[in-house]
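Can you read through this structure? Questions will come right after.
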Number of protein chains: 2
Amino acid sequence: MPYVDPTDRDRGFLRLAFEEARQGYAEGGVAVGAVLVRDGEVVARGRNRLVQESNPILHGETDCIRNAGRGVDFGQTTLYTSLSPCAMCAGAILLFGIPRVVIGDNESFPGEIDWLLRHDVEIALANDREMIDFFARFRRERPDLWDEDIKGYVERPGAQT
Amino acid sequence: MPYVDPTDRDRGFLRLAFEEARQGYAEGGVAVGAVLVRDGEVVARGRNRLVQESNPILHGETDCIRNAGRGVDFGQTTLYTSLSPCAMCAGAILLFGIPRVVIGDNESFPGEIDWLLRHDVEIALANDREMIDFFARFRRERPDLWDEDIKGYVERPGAQT
C-alpha cells in the first residue's frame with residue numbers, strides 16, 4: 001500500500017498529538033505524543049511516559065492504546081503520532097488491527113513504516129517542519145533519554161525491518 | 001540465525017514463566033507469562049494483565065519489561081515466555097535489543113518468530129507439552145478473551161510477517 005497525503009482534518013488531529021508531545025517535553029520526558037480517533041472523535045490521547053512512570057514500554061502510541069483501554073474497535077480507528085513508530089509500536093498497530101496511521105515526523109526517526117505498508121496499513125506522512133524542529137531540539141538537549149528510549153536501534157542498527 | 005535447543009537451565013526459568021501464566025489464569029486473565037533473566041538471575045517477572053488492569057498493551061512480555069523498569073541492560077538478558085511473542089512483543093524485543101528468547105509454546109500461536117530470527121535474535125523453542133495443553137484449555141474456556149487479546153491476528157490473518 002502506498003503513502004497517502006494527510007487531509008486537513010488529519011493535520012488537525014496531528015496537532016493534538018503534538019500537544020501531547022510538548023506536554024511530555026514540559027514534564028522532562030521523551031517528547032512524543034499520539035492520539036487515537038474514531039469517526040472524527042478522539043478516543044484516547046497518550047504520550048511517552050518512560051520518565052514520568054519509569055515505564056519503558058509506554059511510548060506515545062502504546063500509552064494512547066493503554067488509555068483507550070478495552071472495548072475499543074481498533075479496526076475502525078486512525079492513530080496519529082508525532083514521531084514515526086518504532087518496532088514495538090508498529091507491532092502494536094498490527095496486533096490491534098489499526099488500519100491507518102498519520103505521522104508528523106519520520107525524518108528524525110524512520111521507524112518501521114515499511115513493515116506496516118507491507119501489511120496494508122495506510123500511512124499518511126505530514127513531515128511537519130515544526131514537529132521535526134521540535135524533536136531535533138529534544139534530541140539535542142536530551143540525547144541520554146533518546147538513547148535510553150530507543151535502545152535497540154542505537155545498539156543494533158540492523159534492528160529495523 | 002537458526003533455532004537452538006533450550007538448556008536445562010532454560011527449562012527451569014521457563015517454569016517460572018509458566019507459573020506466571022497459571023497465576024494469570026487463576027486471576028481470570030489471559031494465561032501467558034514471562035520472565036527476564038540476566039547472568040542467571042531473574043530481573044523481572046510478568047504476565048498478561050488485559051483483564052486485571054484493563055490494559056490491552058500488557059502482554060506477558062511487555063508486563064515483564066515494564067516491571068524491569070529503567071536502568072536494565074536489556075542487551076544482556078534472555079526473555080522467557082510461555083507463548084510465542086505477537087507482533088507488539090516481538091517489536092519490543094527488537095526495540096530493547098533483547099538478544100535471546102526462550103519460548104514454551106509456539107504450537108498454539110506461531111507469533112513473529114521469523115521476524116526475530118531475521119534480526120539475529122536467538123530463539124530456543126521448548127514446545128513443552130504441559131504448556132501447550134494448558135494454553136489449549138485456556139483457549140477452549142475463554143475464546144472471547146483470546147480473541148480480544150490478539151485481535152489484529154483474528155481479523156487480519158495476513159498481519160503476520
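The values are calculated or read from the model by the stated rules, or taken from the named source; none is laboratory data. Everything numeric in this text was worked out from a predicted model, so none of it was measured. When we count neighbours, we look across all protein chains shown, and the Cβ atoms used for this are built from the backbone with ideal geometry, even at glycine. Quick note on the areas: whole protein, heavy atoms, side chains included, nothing else; ligands and nucleic acids left out. Shrake-Rupley method; radii C 1.70, N 1.55, O 1.52, S 1.80 Å.
Return the residues of region B:86-106 that are in a loop (DSSP other than H, G, I, E, B), within 25 Å of B:Glu130 (Cα to Cα) and at the interface with chain A (Cβ under 9 Å from one of its Cβ atoms); say none if nothing qualifies.
Just the residues of region B:86-106 that are in a loop (DSSP other than H, G, I, E, B), to begin with: B:86, B:96-99, B:106.
Within this subset, residues satisfying the condition of being within 25 Å of B:Glu130 (Cα to Cα) are B:86, B:106.
Result: B:Cys86, single match.
Quick check on my filter: what residues within region B:11-68 are among the basic types (Lys, Arg) and more than 21 Å from B:Ala87 (Cβ to Cβ)?
Once the filter is applied, which keeps residues that are among the basic types (Lys, Arg) and more than 21 Å from B:Ala87 (Cβ to Cβ), region B:11-68 yields B:Arg11, B:Arg15, B:Arg22, B:Arg38, B:Arg45.
Output yes when any residue across region A:14-25 is of a type outside the set (Asp, Glu), within 14 Å of chain B (Cβ to nearest Cβ), in contact with a Ser or Thr (Cβ under 9 Å, 6 or more places away or on another chain) and crowded, with 21+ Cβ neighbours inside 10 Å, and no when none is.
no
While we're looking at this one, here's another question. Just to confirm my filter: which helices (runs of 4 or more DSSP H) fall fully inside region B:122-161 and include at least 1 residues that are at pLDDT 95 or above?
B:129-141, B:143-149
As an exercise: evaluate B:Thr62 against (1) facing chain A (nearest Cβ under 9 Å); (2) part of a loop (DSSP other than H, G, I, E, B) and give the number of the one condition it does not meet.
(2)
Do the conditions hold for B:Arg45, that is, is it basic (Lys, Arg) and not in a strand (DSSP E or B)?
Against the criterion (basic (Lys, Arg) and not in a strand (DSSP E or B)), B:Arg45 does not qualify.
Please state which one of A:Val72, A:Val51 is open to solvent by 20 Å² or more (accessible area, probe 1.4 Å), modelled with pLDDT of 95 or more and either closer than 13 Å to B:Ile57 by Cβ or more than 13 Å from every other protein chain (Cβ to nearest Cβ) (or both).
Residue meeting the stated conditions: A:Val72.
Now for a separate question. Go through region A:111-135 and count every residue that is within 14 Å of chain B (Cβ to nearest Cβ), over 19 Å from A:Val35 (Cβ atoms) and either surrounded by 19 or more Cβ atoms within 10 Å (Cβ to Cβ) or out of contact with any Gly (no Cβ under 9 Å at 6 or more places or on another chain) (or both).
6
Does B:Gly104 satisfy being surrounded by 21 or more Cβ atoms within 10 Å (Cβ to Cβ) and either at positive phi or small (Gly, Ala, Ser) (or both)?
Answer is yes for this residue.
In region A:7-42, how many are in contact (Cβ under 8 Å) with a residue 40 or more places away in the chain, among the aliphatic types (A, V, I, L, M) and assigned to a helix (DSSP H, G or I)?
The number of residues fulfilling the criteria is 4.
Residues are listed down the side, and each one gets a yes or a no for (1) over 12 Å from the mean Cα position of the chain (by Cα); (2) not aliphatic (A, V, I, L, M):
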residue: B:Asp39; (1), (2): yes, yes
residue: B:Val42; (1), (2): yes, no
residue: B:His59; (1), (2): no, yes
residue: B:Thr77; (1), (2): yes, yes
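Continuing with the same structure: Just wondering, is there one or more residues in region B:35-42 that are among the β-branched types (Val, Ile, Thr), open to solvent by 60 Å² or more (accessible area, probe 1.4 Å) and more than 9 Å from chain A (Cβ to nearest Cβ)?
yes
Out of (1) open to solvent by 50 Å² or more (accessible area, probe 1.4 Å); (2) at pLDDT 95 or above, the odd one out for B:Ala87 is which?
(1)
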